[in-house]
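Engineer: Quick one: the structure is below, questions incoming.
Please treat every number below as a calculation from the coordinates, not as lab data. Bear in mind the structure is a predicted one, so any value in this text is a computation, not a measurement. Cβ coordinates were reconstructed from backbone atoms using ideal geometry, including for glycine residues, and neighbour counts include every protein chain displayed.
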Amino acid sequence: MTLVERCLAYAPRLKPGQFFSHETALALLGISTPEWPYTPGIHVSAYRPAREPRTRGVIGHRLQTRSPAMVPGPLGLPVENPVRAWRQCGALWALDDLVAAADALLSGRPQIAEIDDLRSEIHEMGDVRGGILREAVSLAQPGVRSPRETRLRLLLARNGLPAPEVNADIFDARGVFIAEIDLAFPGWMVAVEYDGRVHAEDERQFARDADRWAAIQAAGWDHVRILKHHFRDGGAPAVALARAALVRAGWRPGLTARTD
């Protein structure tokens, strides 16, 4: 059963004041959760004085007294406010998963939250696990399109590469738009992108992608495509590919901008 099916099956047992929360709420709202094989649990909460469920297979939470702020989920399921649900995941998830979810909240179409919404939630309700939520907010960026893009950005930063522009537009010499780049290093004209290969079996899409790659390179950019297998060994292959492209362009460790 899918998560939605599991929640729909449980929904008739919800009592007044109970709703889906934590990672369940984010998953129902389409916000990124930790990667497979991780499977979000079914979390159901209630704000005091209402009581949480005590049912096998469901993780119940009795939350601090607070005005409810539920939003409608799929098929009308009662779901926790996504900013609150994100904070609740601070007790469950690793840092990078929290950053990826924050990026998704800031980058949705339409945008779900502002960075100040996340900060205000932490200020009002407190941080957890040694300040992991504040650290996640400090690393979050609007405009990110996918969790893998978040993880790639964090991976490169932790390995000493300069900070990229996120989803930057590039143009040819005539000023004609060519492409939006996941992670761009304009000073060195290096473009780094995660390629999930979701269109690998779609011949037309593959042709469009190939034309796009050629146009990026024709505009003078070194285009680095990071595939899933480049994340093995802690992401060492991905870092090596990006670093090599930057070095070819004249970057050296310690440089934050091009000097010529």
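Engineer: Kindly express, to the nearest 10 degrees and within the range 0 to 90, the angle between helix 147-158's C-alpha long axis and the longest C-alpha principal axis of the chain.
Structural biologist: That works out to roughly 60 degrees.
Engineer: On to the next question. Kindly state, to the nearest 0.05, the FRET efficiency for Ala240 paired with Leu95, given R0 = 25 Å and r defined as their beta-carbon distance.
Structural biologist: On the way: r = 23 Å, r/R0 = 0.93.
So the FRET efficiency works out to roughly 0.60.
Engineer: In whole angstrom, how long is each semi-axis of the equivalent ellipsoid of the range 3-142, when you take the square root of 5 times every eigenvalue of its Cα gyration tensor and sort them from largest down?
Structural biologist: Details: eigenvalues 107, 54, 40 Å².
Square roots of five times the eigenvalues give 23, 16, 14 Å.
Engineer: A further question follows. Set the Förster radius R0 to 45 Å, insert the Cβ-Cβ distance between Ser67 and Arg158 as r into 1/(1 + (r/R0)^6), and round the FRET efficiency to 0.05. Could you put the intermediate results ahead of the total?
Structural biologist: On the way: r = 39 Å, r/R0 = 0.87.
Efficiency at R0 = 45 Å is approximately 0.70.
Engineer: Under a Cβ-only charge scheme (Lys and Arg +1, Asp and Glu -1), can you give me the dipole magnitude of the range 1-106 about the Cα centre, in debye to the nearest 20? All intermediate terms of the calculation are to be shown ahead of the outcome.
Structural biologist: Values: 11 positive and 8 negative charges, 155 e Å.
Computed charge dipole of the range 1-106: roughly 740 debye.
Engineer: Tell me, in nm to one decimal, what length is gained between Thr55 and Leu75 on full extension, where the rule is 0.36 nm per residue of separation less the Cα-Cα distance?
Structural biologist: Numbers: separation 20, 0.36 × 20 = 7.20 nm, distance 2.26 nm.
That works out to 4.9 nm of additional length.
Engineer: Calculate I(q)/I(0) for the range 148-248 by the Debye formula, one identical point scatterer on each C-alpha and no solvent, and give its log10 at q = 0.19 Å⁻¹ to two decimals.
Structural biologist: Those come out to -0.94, one per q.
Engineer: For the range 16-66, which chymotrypsin sites (Phe, Trp or Tyr not before Pro) pass both filters: DSSP loop (anything but H, G, I, E, B) and at most 16 other C-beta atoms within 10 Å?
Structural biologist: Those that pass, being in a loop and sparsely packed, are Tyr38.
Engineer: Now, a different point. Nearest 5 percent is fine: what portion of the DSSP beta bridges confined to the chain is antiparallel?
Structural biologist: Numbers: 14 of 25 bridges.
So the antiparallel bridges in the chain amount to around 55 percent.
Engineer: While we're here: Taking the Cβ of each residue in His223, His43 as the centre, tally the other Cβ atoms inside 10 Å and list the residues starting with the fewest. Mind showing how you got there, number by number?
Structural biologist: Values: His223 20, His43 24.
Lowest count first: His223, His43.
Engineer: Nearest 0.05, what FRET efficiency do Arg174 and Arg232 give at R0 = 45 Å with Cβ-Cβ as r? It would help to have the intermediate numbers written out before the result.
Structural biologist: Numbers: r = 40 Å, r/R0 = 0.90.
After rounding, the FRET efficiency stands at 0.65.
Engineer: Of the GluC sites (Glu not before Pro) in the range 154-260, which ones lie in a loop per DSSP and count no more than 10 other C-beta atoms within 10 Å?
Structural biologist: Details: sites: Glu165, Glu180, Glu193, Glu201, Glu203; in loops: Glu201.
For GluC sites (Glu not before Pro) across the range 154-260 that sit outside H, G, I, E and B with at most 10 neighbouring Cβ atoms in 10 Å, the list reads Glu201.
Engineer: Something else about it: Just to confirm the filter: which trypsin sites (Lys or Arg not before Pro) across the range 94-176 are DSSP coil and have at most 15 other Cβ within 10 angstrom of their Cβ?
Structural biologist: Numbers: sites: Arg119, Arg129, Arg134, Arg145, Arg148, Arg151, Arg153, Arg158, Arg174; in loops: Arg129, Arg145, Arg174.
Those that pass, being in a loop and sparsely packed, are Arg129, Arg174.
Engineer: Further question on the same structure: Using the Cα centre as the reference, give the magnitude of the dipole from point charges on the C-beta atoms of the chain (Lys, Arg: +1; Asp, Glu: -1; all else neutral), rounded to the nearest 20 debye. Intermediate values should be presented prior to the final figure.
Structural biologist: Details: 32 positive and 31 negative charges, 193 e Å.
For the chain, the charge dipole is close to 920 debye.
Engineer: Next question. If I stretch the segment between Asp211 and Met1 completely, what's the gain in nm (0.36 nm per residue apart, minus their alpha carbon distance), one decimal?
Structural biologist: Working it through step by step, the gained length comes to 71.6 nm.
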